[in-house]
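**Q** I have a structure I would like to understand better, so I am pasting it below and will then ask my questions one at a time.
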Amino acid sequence: MAAVATCGGDAGSAGSAVATGSKSNVTSFQRRGPRASGTNDSGPRLVSITGTRPSVRNGQLLVSTGLPALDQLLGGGLAVGTVLLIEEDKYNIYSSLLFKYFLAEGIVNGHTLLVASANEDPANILQELPAPLLDDNCKKEFDEDVYNHKTPESNIKMKIAWRYQLLPKMEQIGPVSSSRFGHYYDASKRIPQELIEASKWHGFFLPEKISSTLKVEPCSLTHGYIKLLQFIQNIIYEEGFDGSNPQKKQKNILRIGIQNLGSPLWGDDICCTENGDSSHSLTKFLYVLRGLLRTSLSVCIITMPTHLIQNKAVIAHITNLSDIVVGLESFIGSERETNPLYKDYHGLIHIRQIPRLNNLVCDESDVKDLGFKLKRKLFTIELESGFASFHSAHF
Amino acid sequence: MFPELNNLLNTTPDRAEQGKLTLLCDAKTDGSFLVHHFLSFYLKANCKVCFVALIQSFSHYNIVGQKLGVNLTMARERGQLVFLEGLKSAVDIFFQAQEKPHPLQFLREANAGNLKPLFEFVREALKPVDSGEAGWTYPVLLVDDLSVLLSLGLGAVAVLDFIHYCRATVCWELKGNVVVLVHDSGDVEDEENDILLNGLSHQSHLILRAEGLATGFCRDVHGQLRILWRRPSQSTSQRDQSLTYQYKIQDRSVSFFAKGMSPAVL
């Protein structure tokens with residue numbers, strides 16, 4: 001595929017990157033997850049899908065969220081077959097940015113995309129994706145951008161140990177090559193058109209799909225949700241992501257992105273009233289979606305305006321039916337914008353739930369107070385600290 | 001199963017009590033480790049187990065079960081385990097009209113349905129077979145978890161009715177056990193969930209409640225387990241016995257210790 005060629009990465013190099021990084025025992029190569037039915041999950045198989053890697057802990061297949069900082073907090077990445085629910089910030093600025101990072105990562109890795117939205121045409125969403133930082137000649141610009149934030153003193157050459165001034169002043173990060181797991185994006189530039197054209201994507205724009213008549217009997221789901229589930233199931237079956245189609249055996253990941261789920265534009269009244277008619281529509285949708293994902297090689301990101309949901313008990317149900325739940329809280333317009341404690345950050349990121357898949361333990365990170373800030377080419381997540389950040393790790 | 005938990009509950013697979021309803025609940029934490037414990041416990045006790053797994057797939061329980069020493073695939077093949085995979089069934093029901101009634105039929109219904117088909121399924125799965133094959137000791141029904149049924153539109157009363165029917169059949173008629181998991185929503189006002197939880201608490205013989213620590217997240221102590229033994233049928237003149245322990249979940253087991261006695265602290 002052309003997208004893969006421009007990345008310079010292919011299944012072989014991804015596999016070898018995994019080989020050097022993993023432990024010596026054979027089990028870390030095995031994909032023991034409940035994905036891809038139709039294949040017997042008894043024998044270990046070497047996985048060679050681009051853009052994936054097995055988890056160090058239990059060999060589960062992971063994909064990158066598009067944000068290496070977030071991957072680290074989630075224990076290495078997003079497990080295939082799971083749902084990442086993002087609780088939108090108030091003005092849907094940063095959540096839509098995370099949504100776009102996820103989709104851009106899919107394009108860079110050559111995954112198939114499925115973009116569903118009720119308010120924006122998926123073709124327009126794809127046009128607005130951030131440009132990936134792939135080549136090495138971007139690295140110079142990238143370093144300059146970060147160093148600009150440092151004080152002038154740091155640019156003074158070290159006089160004592162002249163040899164040391166050649167070493168990088170902080171951890172070597174940034175884009176090295178495009179076959180790595182997780183990429184960096186320039187939020188100020190658009191993704192090159194040829195990358196979009198080379199990628200495979202399916203769009204679900206609700207106003208277009210809703211006009212046709214409904215054939216299945218109503219099961220108290222909103223019409224929009226029924227159509228979306230049918231669309232997703234159709235793609236999964238037709239393109240062989242669940243291994244059941246005898247003609248097509250996919251060796252690729254389907255990245256599903258659903259924007260603003262639960263908003264009134266989907267026909268759901270969960271954000272308008274406390275006990276509406278379709279009060280269980282969204283939870284049934286999430287349940288059937290979970291069933292679809294668990295039996296296919298797909299991964300899903302959903303952004304949801306949970307701050308608008310009137311009935312708080314529903315949020316608890318939604319959290320239980322999702323695998324990973326991340327809440328974003330931006331400081332725009334709130335009193336925290338001028339609070340000196342938070343002046344370095346654009347908002348807070350709350351990791352509300354991490355799944356325990358195929359395991360008794362989960363990869364819970366030790367720190368719970370995390371702030372994020374968006375620079376032009378970097379979305380960093382750091383330990384909140386009013387003073388000098390001792391543990392700040394720029395990913 | 002976790003040997004330390006067996007010690008705390010004073011049971012072993014050989015001499016477990018029969019005819020009991022055990023309620024597992026979790027508040028502000030994940031109590032699924034208790035489900036894995038009871039699943040492996042009853043399989044090792046040579047019971048016939050009907051597992052209604054609504055929230056995770058079969059291979060999830062299988063992989064964890066292997067860490068705990070039971071093989072679910074083999075148990076299913078030899079008929080010891082009847083596994084209802086809720087997620088897979090939901091996809092089947094939703095996309096294809098079913099000819100015969102399915103245990104999770106309520107997913108297709110527009111109004112709040114009832115769980116009669118699910119009860120029929122359980123009764124069919126656990127009824128004693130007279131063919132004289134490998135005799136299982138007693139039947140066990142395990143449900144993970146009941147709060148999912150509430151979030152899918154069923155009322156608390158429908159779920160309580162289902163449990164009542166199951167108790168009558170499994171606990172009283174067949175002298176088996178029932179173990180269910182319910183999430184406690186805590187300070188969130190979830191009326192239906194509270195009704196369900198309170199109703200089940202009054203009917204249970206044993207309540208295991210996993211709670212997150214009040215002071216927040218800790219790496220060495222993952223939570224607190226409250227164990228409450230009850231006698232629902234007898235008068236309440238005797239005080240129910242209650243114990244509290246803290247626990248830490250590890251890769252293959254869970255270690256329990258008295259409050260404040262975590263090895264990390266001492």
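**Q** On a 29 Å Cα-Cα criterion, which of the cross-link pairs B:K67/B:K259; A:K284/B:K28; B:K67/B:K116; A:K227/B:K100; A:K227/B:K127 come out too long?
**A** As for pairs spanning more than 29 Å Cα to Cα, those are B:K67/B:K116; A:K227/B:K127.
**Q** Kirkwood Rh, Cα Rg: Rg to Rh for segment B:119-175?
**A** For segment B:119-175, the value is 1.05.
**Q** So who's got an amide H within less than 5 Å of the one on B:D145, skipping anything under 5 residues away but keeping other chains? H placed 1.01 Å off N, in plane.
**A** When sequence neighbours closer than 5 places are left aside, the close amide H contacts are B:L54, B:I55.
**Q** Just the number please: accessible area per residue for segment B:142-249, 1.4 Å probe, all protein chains included, in Å².
**A** I get 46 Å² per residue for this part.
**Q** Once phi is turned into θ = phi - 60°, what whole-Hz ³J(HN,Hα) does the Karplus curve with 6.51, -1.76 and 1.60 give for every residue of segment B:167-173, x standing for Gly and Pro?
**A** 5, 4, 7, 6, 7, 8, 6
**Q** Taking each residue of B:211-218 in turn, how many C-beta atoms of other protein chains fall within 10 Å of its C-beta, and what is the average?
**A** 1
**Q** Take every Cα-Cα pair in chain B and report what % of them are more than 27 Å apart.
**A** More than 27 Å apart: 38 percent of the Cα pairs in chain B.
**Q** If you average the alpha carbon positions of segment A:291-351 and of segment A:79-101, how far apart do those two centres end up, in angstrom?
**A** So the two Cα centres are separated by 7 Å.
**Q** Going by the alpha-carbon gyration tensor, a ≥ b ≥ c the square roots of its eigenvalues, is segment B:40-140 rounded (a/c under 1.5) or, if a/c is not under 1.5, prolate (a/b greater than b/c) versus oblate? Write down the numbers at each step before the final one.
**A** Numbers: a/c = 2.49, a/b = 1.51, b/c = 1.65.
Oblate, because a/c is 1.5 or more while a/b does not exceed b/c.
**Q** Right, next: In Å, what is the Rg of the alpha-carbon atoms in segment B:159-215, and how long is Dmax?
**A** Using the Cα atoms of segment B:159-215, the pair Rg, Dmax is 13.3, 45 Å.
**Q** Taking Cα pairs under 8 Å and at least six residues apart, what relative contact order does segment A:288-381 come out at, in percent?
**A** Relative CO of segment A:288-381 lands at 21 percent.
**Q** Moving on. What is the set of long-range amide H partners of A:S48 at a cut-off below 5 Å, with H atoms built 1.01 Å from backbone N?
**A** Residues meeting the criterion, in which the H sits 1.01 Å from N, do not exist here.
**Q** Which of the listed residues, B:L149, B:Y138, B:S89, is farthest toward the dipole's positive end in segment B:83-190, when Lys, Arg count +1 and Asp, Glu count -1 at the beta-carbon?
**A** Positive-end residue among those listed: B:Y138.
**Q** Still on this structure: Please compare each pair in B:K44/B:K88; A:K312/A:K373; B:K20/B:K48 to a cut-off of 18 Å on the Cα-Cα distance and tell me which ones are over it.
**A** Cα-Cα > 18 Å for B:K44/B:K88; A:K312/A:K373; rest within.
**Q** If you don't mind, there's one more thing I want to ask. What total accessible area, in Å², is buried where chains B and A meet, using a 1.4 Å probe and rounding to the nearest 100?
**A** Approximately 3600 Å², summed over both chains.
**Q** Okay, moving on. Where in chain B lies the longest segment free of GluC sites (Glu not before Pro) that are both loop residues by DSSP (not H, G, I, E, B) and have at most 15 other Cβ atoms within 10 Å?
**A** Answer from the scan: B:18-98.
**Q** Okay, next question. Just to check, using Stokes-Einstein with a Kirkwood Rh over alpha carbon pairs, what's the diffusion coefficient of segment B:166-266 at 25 °C and 0.890 mPa s in µm²/s?
**A** Values: Rh = 15.9 Å.
Answer from the Stokes-Einstein relation: 154 µm²/s.
The values are calculated or read from the model by the stated rules, or taken from the named source; none is laboratory data. Predicted, not measured: the structure shown is a model, and the values here were computed from it. Neighbour counts are summed over all protein chains in view; Cβ atoms, including those assigned to glycine, are modelled from backbone coordinates with ideal geometry. Areas reflect the complete protein model, heavy atoms only, side chains present, ligands, DNA and RNA absent. Shrake-Rupley method; radii C 1.70, N 1.55, O 1.52, S 1.80 Å.
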